[in-house]
Amino acid sequence: MHFIALLHHRMPRLNSTAPNVKLRGFDPKTWVAPELQEIKLPVNAIAHVFCPTYRDIYLEMVEGKLMPPTWERYQGRVIDEVYKSIHKECEQYVSQCKASNCDILGYLFSHQDDLIGKAKKEFQRDFDDIAAKPNEDEIRKFDEALKKIIRFEAEITSSHMDFEISRLKDANPKKIFDNFFDFITDYAIAAKHQGFGTPSIPDFIFRNTIIGDIKSGPWRDFLIYTVIAYALAYEECTGEPMDFGSILHVNLIDSRLVPIHYDATIEQLNDHLRQRFMLVRDRKMQIIKDKIDPGKPDDQTKCAGCSFQDVCWGDTK
Ligand code: SF4
């Protein structure tokens, strides 16, 4: 997550390019139609547009079929948790240390096993429910990958802290940290008109101007929908604009010692993106209201990677 602070620092024009947005979450034009207001969905269920016909939402919400937990989904949840825990650990650490002994790198290294253990424990039940369990080698590789995340975030954080401590005569670690790594990770948003179940909690809000989500696995263009959903909800809840969204996209590959963030982004949430998201949201809600199965795509290859393949194509495999 601290990678996003660095990315933002390297995008100096971002602050001066606020988009001319008309579709704000506090504007009733963006609200779900009155006849669909009864339906409440988690942000991810609306924003995840993997299924070409949206049959996944019908199976889950109308037929009550749960997506079976997978090793990939479990890993995604643990990765999110590790990023957020790193930030919280740093926040706590800098509130207690002084410029004379501030050593975030050393601190996070010495706590990395704890951090990983706690994050995995949080999702133990998801792990227990995975049908195709990973083997020991896959688990070991995942642990190593989590250590890459901790190492990289520790390096980013520590180098900025050390730079400022070296530069400022009256350096105050907490002030330096809060100023540069200005993230909120537990902001609960209540937005009853946007169709989301409450509370919706984005992975992070940075400097009160960028709302963000952590995503792992392959990049998909629809990942930005999650932050549009959160931005609309934030605007409805606070009455304040949220102009930018960020996806901290994470890939963990063997041939690098650091997590890969090629697709990590900070984007303007313009009207075009908002409109596209609202169309998806309204279509999904209509499917749930009508209780009509939208059917499968013509070709199973379009379903590659979906956990519902046994449900949808089991009889034709
Ligand atoms: S298997 Fe295909 S049709 Fe069925 S929910 Fe998944 S993506 Fe949609």
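Scanning the stretch 32-46 for residues that are farther than 13 Å from residue 197 by Cβ and assigned to a helix (DSSP H, G or I), which turns out farthest from the ligand (Cβ to nearest atom)?
Per the stated criteria, the residue is 34.
Within the stretch 284-309, can you find the residues that are assigned to a helix (DSSP H, G or I) and within 14 Å of the ligand (Cβ to nearest atom)?
284, 287, 300, 301, 302, 303, 309
Before we move on, is residue 95 more than 28 Å from residue 260 (Cα to Cα), out of contact with any Phe, Trp or Tyr (no Cβ under 6 Å at 6 or more places or on another chain) and of a type outside the set (Asp, Glu)?
So residue 95 fits the description; yes.
Kindly indicate whether residue 230 is in a helix (DSSP H, G or I), modelled with pLDDT of 95 or more and touching a Pro at 6+ places or on another chain (Cβ under 6 Å).
Yes: the conditions hold for residue 230.
Among the residues of the stretch 242-254, is any in a loop (DSSP other than H, G, I, E, B), under 20 Å from residue 204 (Cα atoms), of a type in the set (D, E, K, R) and more than 16 Å from the ligand (Cβ to nearest atom)?
For the stretch 242-254, residues in a loop (DSSP other than H, G, I, E, B), under 20 Å from residue 204 (Cα atoms), of a type in the set (D, E, K, R) and more than 16 Å from the ligand (Cβ to nearest atom): present.
Being part of a helix (DSSP H, G or I), polar (S, T, N, Q) and either within 17 Å of residue 76 (Cβ to Cβ) or at pLDDT 95 or above (or both), is that true of even one residue in the stretch 123-146?
yes
Restricting to the stretch 55-104, name every residue that is within 16 Å of the ligand (Cβ to nearest atom) and either in a helix (DSSP H, G or I) or surrounded by 18 or more Cβ atoms within 10 Å (Cβ to Cβ) (or both).
55, 56, 57, 58, 59, 60, 61, 69, 72, 73
Suppose the filter is out of contact with any Gly (no Cβ under 8 Å at 6 or more places or on another chain) and within 10 Å of the ligand (Cβ to nearest atom); does residue 259 pass it?
Taking the combined requirement at face value, the residue does not satisfy it.
Can you tell me which condition residue 227 does not meet? The list is (1) closer than 16 Å to residue 8 by Cα; (2) in contact with an Asp or Glu (Cβ under 8 Å, 6 or more places away or on another chain), and all the others hold.
Status for residue 227: all satisfied but (1).
Just to be sure I understand, how many residues within the stretch 230-242 are surrounded by fewer than 22 Cβ atoms within 10 Å (Cβ to Cβ) and in contact with a helix residue (DSSP H, G or I) (Cβ under 8 Å, 6 or more places away or on another chain)?
Residues flagged as surrounded by fewer than 22 Cβ atoms within 10 Å (Cβ to Cβ) and in contact with a helix residue (DSSP H, G or I) (Cβ under 8 Å, 6 or more places away or on another chain) within the stretch 230-242 amount to 2.
Given the criteria in a loop (DSSP other than H, G, I, E, B) and at negative phi, does residue 257 qualify?
So residue 257 passes the test.
Determine, yes or no, whether residue 246 is modelled with pLDDT of 95 or more, within 20 Å of the chain's Cα centre (by Cα) and surrounded by 14 or more Cβ atoms within 10 Å (Cβ to Cβ).
Spelling it out, residue 246 is indeed modelled with pLDDT of 95 or more, within 20 Å of the chain's Cα centre (by Cα) and surrounded by 14 or more Cβ atoms within 10 Å (Cβ to Cβ).
The values are calculated or read from the model by the stated rules, or taken from the named source; none is laboratory data. Predicted model only: the values in this text are computed from it and were never measured. Positions of Cβ are backbone-derived with ideal geometry, glycine not excepted, and every protein chain shown enters the neighbour counts.
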